[in-house]
Structure formats: structure tokens, C-alpha cells
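Written below as C-alpha cells is the structure these notes are about.
The values are calculated or read from the model by the stated rules, or taken from the named source; none is laboratory data. Computed from a predicted model, the values in this text were never measured in an experiment. Cβ: placed from backbone, ideal geometry, glycine included. Neighbour counts: every protein chain shown. Surface areas here come from the heavy atoms of the whole protein model, side chains and all, with no ligands, DNA or RNA. Shrake-Rupley method; radii C 1.70, N 1.55, O 1.52, S 1.80 Å.
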Amino acid sequence: MTVTIVGSQLGDEGKGGVVDLYGDAADVVARYQGGDNAGHTVVHDGEKYKLSLVPSGAVRGKIGVLGNGCVVNPETLFDEIDTLRERGLEPDVRVSERAHVILPYHRALDGIEEEEKEDLAAGTTKRGIGPTYEDKAGRRGVRVGDLLDPDTLRERLEYVVPQKKALAEEVFDKETGEEFDIDHLYETYREYGERLAEEGMTVDCGTFLQNRIDAGDNVMLEGAQGTSLDIDHGVYPYVTSSNPTAGGATVGTGLGPTVIGDGEVIGIVKAYLSRVGTGPLPTELGGVEGQTPDYDAADGAGDGAGADEEALATAIRDEGGEYGTVTGRPRRVGWLDMPMLRHAARANGFTGLAVNHIDVLSGLDTVEVGHSYEFDGEEIFTMPPTTEQWGRCEATFKSFDGWPDVDWTAVAEDGYEAIPENARTYLEYISDELDAPIYAVGVGPGREETVVVENPYE
Ligand code: GDP
Ligand code: IMO
Ligand code: MG
């Protein structure tokens, strides 16, 4: 069977940790979208692993697959594999021949366009994600399979590179270097192809995964980013360029929708909100310069936020370690946004929820939740379709009594009933609103700091 792990908010909900937790029962862990823009943390035997491309299951010796829906930077892939090997692991990673390749000009253009876009910039990770998906849709991309076939690689590069070079030089008025040089790219990427072939890493993803399922294996599908970063269902244009939602798991692997639908789809929820990047955020506390719209450097706060909110934001950011895994940027933080979660529950069809970071909120007198929005004088319960409309929404808050800081490791051992009562009230509210049961509760970053209520593979 399959278990699909999906971020229900804006990324960094703790997906890597949940993949690690449930991945024990899985034989194969596949990513279905995104690339090295992701940063998934797994804490194993007290050691922290930050993975951006290699699927999180690799830390525990599972076969990791990068599905056709992913965009793959071979340099990052091999760096990550080599680093894991240096740390004593033996990652077994397979890559779909249909996945698209991130080339150096994609990264260069990502940076160039971000600068140019000003207010429309999403604050990307500058990993070349958007430009690579653009070329995929424009049918001028280079796929992993092409790296193994030098003639095709050369043909693709000869068509596309002059266009990219002209774009950088003539439209954006930038100087270009070897990242736009056909011969250099051809030699470098042909060699990556040789290494992929030598290590037997390429697969036809859909066939590979279906064969494993038919043989009785358990497959986990590891989403990256989150629902509100989805190119279709997220807060366009402040989104990524792929589909992190559960539908992406079928398109991005080649497994049929009925296969994914026969399994479980688990929504990963952070008990509050974090965001790296720009765009509106109705439940934001405080603000971060360069990311929060209308940030006011004088009072160190976003639009309308006061000093108290700013202090609370800083406390949550520090307690939760809310600094980007990939870029190190401070993350914007806010209260839980229920309209965002209702939207996610519908778009993904969650069969269960894992709610993380309950420990981070402990010790507060009250915990607020954006229960609904006031939008043009009306109360609404889900996200409006345009981001401009979303920016006009004012959150209507609901208050919960806070819960104390306790020995969370002991709580994880003792089980759900050991969670402080007020925190359980909060969890049950989320579960009721989303009409999905709680499968796990994260009470700390380590795997043993998770209260497991349900194992989806059992
Ligand atoms: P991902 O991108 O969804 O995999 O999440 P990240 O790894 O980017 O960010 C989540 C961070 O929170 C990591 O540092 C995790 O180790 C940590 N984390 C995950 N779950 C919990 C939790 O329940 N409590 C606390 N305090 N930290 C957690
Ligand atoms: P994980 O998998 C949080 C954000 C970027 C930016 C927007 C587009 O760790 O949850 P991109 O580089 O994808 O073109 O950037 O999406 N973003 C993420 N935010 N977690 C992530 O991944 C993210 N991946 C991209 O900050 O706003
Ligand atoms: Mg992350």
C-alpha cells in the first residue's frame, strides 16, 4: 500500500520527521515533486540530517526514489549522497528518467528574475526550480534520461542554451559565464549521466513502484513544500512551481490515482504557522524584513503588528528553531490558520493528521487560532481563490487556554492521554474542523518525541 505525506500549510511542517517515523514500515520512499528547494530534517540517534533532495527514508536504509515530477540538480544529488556516505550511511537512490534536470542556467535565471520581479517575487530558494518547470512545460527541458544519451543531450542543449543566454543578456542585461556555455554544460552533464548509469540509479518510476507494490512492498510518498505553496492551490504567485498536493503524488510518480487513493493521505500540520518567503499572511505575528509585506523597520513589525506580537513571534521563532533549513532565513511566524487548513483538507482528502510542534507553544497563557476570515464584510471559512483577496482577509481569532511545558519525552512514551488536557482540546478542535483523525502528535524534533496514535501501515 501507499502512504502519502503532504504538507498542509506553507512547508516546514515537519514532514521529514513523519516520513522517518512511519517510514520504518515502508520499503521504498519516493519524492513526487520539487527539488532541492526542500529541506527535510530527520533526527536519528541524536544526529541531525538535513536533506534537500535525497528522500528522507534514506537515513534508515530505505530505497529512495526521485519521481518524474521532481526536478533534479545532479550536483546537489551527488553531494548529498557523498555526504551521507561520509557519515556512514549507504543511501540507495533511484531517479526517474522522466524527471527534469536543473541546469546552471536555471539557477542563474531564478536569481535574476527574483531581483527583477520586486513585489511579485516569491522569495524563492534560488535553486532554479521555477525556470526548470517552465522549460518542462515549454517542452524545451532536459530530462534525466537525456543525460544518458549524449547525442540527445547535445541536441537539447543546442536548442535551448542560446535562448537562455539571450534572455539573460538581452532581456535582463546580465553578463553570462560558463553556466550558459553549451560545451561546458555538455561535458559536465554527460559525466553526471555516466555516474547515474554506472551506479545503476535511473528507473522508470511508475513501473518500478508498481512492481514493488505488486510484490507486497509498502511505499511512502514524501511530499515537499505544502498545500499553500502549490502552483494551482496555493497563494499564487508566491508559490513554488509544482504540485505538493496529493494529486501530485499520482502525476509525479506514475502510480494511478486509485493506487494513491486506496492508501492513506496524511496531512502534516504545524501547530502554528511558519513561512519563508513573501506574500500576505493573515495570522502573522510580527514580521520579517524583506519577507513581510509593508514591513515597518521603525517598529520592527509587519502591517499593524505591535511590539507584543513581535516579542511573541521572536519567542516562537527561537523556541521552534524557525530558520530556513535550506537558506537559513528567519521564518515568518503566525497563529494557526484554519481556513488554510480547511482548504488543504479538501484539496488533499486527508485520511489522517500529524500535528507537530505542540511543545513549542507550551507555556503561553493563551493560544490563538485564526478560526475564520472576515472578507468584504462577510465571514468565510476557507481561502478565497486569489491572493489579492486573501490579502484583504482579516482573521477572526478563537482563543484556547495554554498548556504547560512538561517532560515531553515522557508524554510520548505514555501516549495521547498524557498530553496536557488543554493541548488535547486544541488538537481535537483541529481534528473536528478538518474531519480527519489525529494519527500522531509531534512534541519535539526527535523521533521518540512523537505521540503515535495510529500507524497507517497497520
Ligand atoms: P519539513 O520541511 O516539513 O520536513 O520540515 P523542516 O525539517 O524544514 O522543519 C521542521 C523543523 O522542526 C525541524 O528542525 C524538525 O527537526 C523540527 N520538528 C519537527 N517536529 C517537531 C516537533 O513536534 N517539535 C519541535 N520542537 N520540533 C519539531
Ligand atoms: P519543505 O519541503 C518552505 C518557498 C520559498 C518561496 C516559494 C518558491 O522544506 O517544506 P522555490 O525555490 O520553490 O521556487 O520558492 O516557496 N519554499 C519553501 N518554503 N519549505 C519548503 O520546502 C519550501 N520550498 C520552497 O521560500 O517562497
Ligand atoms: Mg523544510
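Within region 317-340, the residues that satisfy the criterion of being more than 16 Å from ligand 2 (Cβ to nearest atom) and in contact (Cβ under 8 Å) with a residue 12 or more places away in the chain are 319, 335, 336, 338, 339.
Total residues in region 112-136 satisfying the condition of being over 18 Å from the mean Cα position of the chain (by Cα) and either farther than 13 Å from residue 164 by Cβ or free of Cβ contacts under 8 Å to residues at least 12 places away in the same chain (or both): the figure is 9.
Could you tell me whether any residue of region 241-250 is crowded, with 17+ Cβ neighbours inside 10 Å, more than 22 Å from residue 52 (Cα to Cα) and among the small types (Gly, Ala, Ser)?
no
Helices (runs of 4 or more DSSP H) fully within region 119-195 that include at least 2 residues being out of contact with any His (no Cβ under 8 Å at 6 or more places or on another chain) and of a type in the set (Val, Ile, Thr): 150-166.
What do you reckon, is residue 358 open to solvent by less than 20 Å² (accessible area, probe 1.4 Å), away from ligand 3 (no atom under 16 Å from the Cβ) and over 26 Å from residue 53 (Cβ atoms)?
Details: open to solvent by less than 20 Å² (accessible area, probe 1.4 Å): yes; away from ligand 3 (no atom under 16 Å from the Cβ): yes; over 26 Å from residue 53 (Cβ atoms): yes.
Yes: the conditions hold for residue 358.
Evaluation of residue 395 against the conditions (1) outside any helix (DSSP H, G or I); (2) over 21 Å from residue 321 (Cβ atoms); (3) without any contact (Cβ under 8 Å) to a residue 60 or more places away in the chain; (4) hydrophobic (A, V, I, L, M, F, W, C) shows that the sole unmet condition is (3).
One line per residue, one yes/no per condition, for (1) in the same structural domain as residue 440 (by TED's automatic domain parsing); (2) over 26 Å from residue 87 (Cα atoms); (3) within 12 Å of ligand 1 (Cβ to nearest atom):
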residue: 9; (1), (2), (3): no, yes, yes
residue: 14; (1), (2), (3): no, no, yes
residue: 35; (1), (2), (3): no, no, no
residue: 40; (1), (2), (3): no, no, yes
residue: 43; (1), (2), (3): no, no, yes
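Scanning region 81-98 for residues that are within 16 Å of ligand 1 (Cβ to nearest atom) and crowded, with 24+ Cβ neighbours inside 10 Å turns up nothing. Only one of the numbered conditions (1) without any contact (Cβ under 8 Å) to a residue 60 or more places away in the chain; (2) buried (at least 17 other Cβ atoms within 10 Å of the Cβ); (3) of a type in the set (S, T, N, Q) is not met by residue 207, and that is (2).
One line per residue, one yes/no per condition, for (1) free of Cβ contacts under 8 Å to residues at least 60 places away in the same chain; (2) open to solvent by less than 10 Å² (accessible area, probe 1.4 Å); (3) away from ligand 2 (no atom under 14 Å from the Cβ):
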| site | (1), (2), (3) |
| --- | --- |
| 1 | no, no, yes |
| 8 | no, yes, no |
| 12 | no, no, no |
| 18 | no, yes, no |
| 39 | no, no, no |
| 43 | no, no, yes |
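Would you tally the residues in region 416-438 being loosely packed, with under 12 Cβ neighbours inside 10 Å, in contact (Cβ under 8 Å) with a residue 12 or more places away in the chain and under 28 Å from the mean Cα position of the chain (by Cα)? So that I can check it myself, show each step before the final result.
As a first pass, look at region 416-438 and keep what is loosely packed, with under 12 Cβ neighbours inside 10 Å: 417, 421, 428, 432, 435.
Applying the additional criterion that residues be in contact (Cβ under 8 Å) with a residue 12 or more places away in the chain yields 421, 435.
Pick out the ones that are also under 28 Å from the mean Cα position of the chain (by Cα) and you get 435.
Of the residues in region 416-438, 1 are loosely packed, with under 12 Cβ neighbours inside 10 Å, in contact (Cβ under 8 Å) with a residue 12 or more places away in the chain and under 28 Å from the mean Cα position of the chain (by Cα).
With respect to the conditions (1) assigned to a helix (DSSP H, G or I); (2) among the hydroxyl-bearing types (Ser, Thr, Tyr); (3) surrounded by fewer than 20 Cβ atoms within 10 Å (Cβ to Cβ), residue 105 lacks only one, and its number is (3). Could you list, in sequence order, the residues of region 22-58 that are assigned to a strand (DSSP E or B) and either within 24 Å of residue 122 (Cβ to Cβ) or not aliphatic (A, V, I, L, M) (or both)? Passing the criteria: 31, 34, 40, 41, 44, 47, 48, 49, 50, 51. I'm checking my understanding of the structure. Among residues of region 59-76 that are outside any loop (DSSP other than H, G, I, E, B) and surrounded by fewer than 24 Cβ atoms within 10 Å (Cβ to Cβ), which one is nearest to ligand 3 (Cβ to nearest atom)? Per the criteria, the residue is 76.
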